[in-house]
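All remarks here apply to the structure that follows.
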Amino acid sequence: DVKVTQSSRYLVKRTGEKVFLECVQDMDHENMFWYRQDPGLGLRLIYFSYDVKMKEKGDIPEGYSVSREKKERFSLILESASTNQTSMYLCASSLPTVSYGYTFGSGTRLTVV
Amino acid sequence: AQSVTQPDIHITVSEGASLELRCNYSYGATPYLFWYVQSPGQGLQLLLKYFSGDTLVQGIKGFEAEFKRSQSSFNLRKPSVHWSDAAEYFCAVGPRAGGTSYGKLTFGQGTILTVHP
């Protein structure tokens, strides 16, 4: 069964900590995405990667960075976590054309205290 | 710019009743069209997608959707709702050709479905 795996379902971090969210896909997809999901705001794109070491800012990149050193892994980094980054984070992957849509991971619920 | 509108933030239906969730999009050309479902605390699961051809598409869990080009709509339907269908539903569109949005889906805000016994 093909899948996108996010390393943690729940995380609690302190303000100011550096936080790493990991995502791995086994479908050999070129594209990978990080979204955050907040009630009433839907899904907002943070960063997008279309190839190894390639990245593109999404709609809300401030306070975040990403790393894609291998095709199957896409990491989201919160350089200095803040309480307003408490959210659900969703990783997804797809073929370049999105003709088959995205495959999503189960999400990471991050709480920053 | 492309956009997706789901006019209903929250819908409540009784178990066994029929369901229709609305989705309207604004796009330069007919895009790829998708419906996703998200159960509480989970990621999004693909319900169905429209590429071309027959405008009525069947998906998993007994859902179907109809593409209407003249109305720029892609509404999701189910004839008889089950309590397990309670979830949040997202409509999404994606480009068929190049451009700045190539490779990315645009999502609606989501519709929360509550099912009463």
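Determine the dipole magnitude for segment A:32-71: charges of +1 sit on the beta-carbon of Lys and Arg, -1 on that of Asp and Glu, nothing else is charged, the reference point is the Cα centre, and the result goes in debye to the nearest 20. Roughly 200 debye, rounded to the nearest 20. Spread over its residues, the convex hull of the C-alpha atoms of the protein assembly as shown is 124 Å³ per residue.
Over all distinct Cα-Cα pairs of segment B:1-77, the Kirkwood formula returns a hydrodynamic radius of 13.5 Å. Per residue, the Cα convex hull of segment B:1-40 amounts to 110 Å³.
Restricting the chymotrypsin sites (Phe, Trp or Tyr not before Pro) of segment B:46-117 to loop positions (DSSP other than H, G, I, E, B) with no more than 15 neighbouring Cβ atoms within 10 Å leaves B:51, B:102. In the frame of its principal axes, chain A has Cα extents of 38, 27, 25 Å, reported largest first. Within chain A, the longest segment free of exposed loop sites, counting trypsin sites (Lys or Arg not before Pro) that fall outside DSSP classes H, G, I, E and B and have at most 11 other Cβ atoms within 10 Å, spans A:54-113. Charge dipole of chain A (Cα centre as origin; +1 on each Lys and Arg Cβ, -1 on each Asp and Glu Cβ, all else neutral): 300 debye, rounded to the nearest 20.
Among beta bridges identified by DSSP and lying wholly in chain A, the antiparallel ones come to about 90 percent. For the protein assembly as shown, the dipole from Cβ point charges (+1 on Lys and Arg, -1 on Asp and Glu) about the Cα centre works out to 300 debye, to the nearest 20. Cross-link reach is defined here as a Cα-Cα straight distance under 22 Å, omitting same-chain residues fewer than 8 places apart; for residue B:49 the lysines meeting it are A:3, B:61, B:68, B:78, B:104. When the Cα positions of B:89, B:42, B:103 are compared along the charge dipole of segment B:29-110, B:103 comes out farthest toward the positive end, with charges on each C-beta of Lys, Arg, Asp and Glu.
Quick note: the coordinates plus some simple rules give every number you see, no bench work behind them. Since we're looking at a predicted model, the values are computed, not measured. Here the Cβ is made from the backbone with ideal geometry for all residues, glycine too, and neighbour counts use every protein chain on show.
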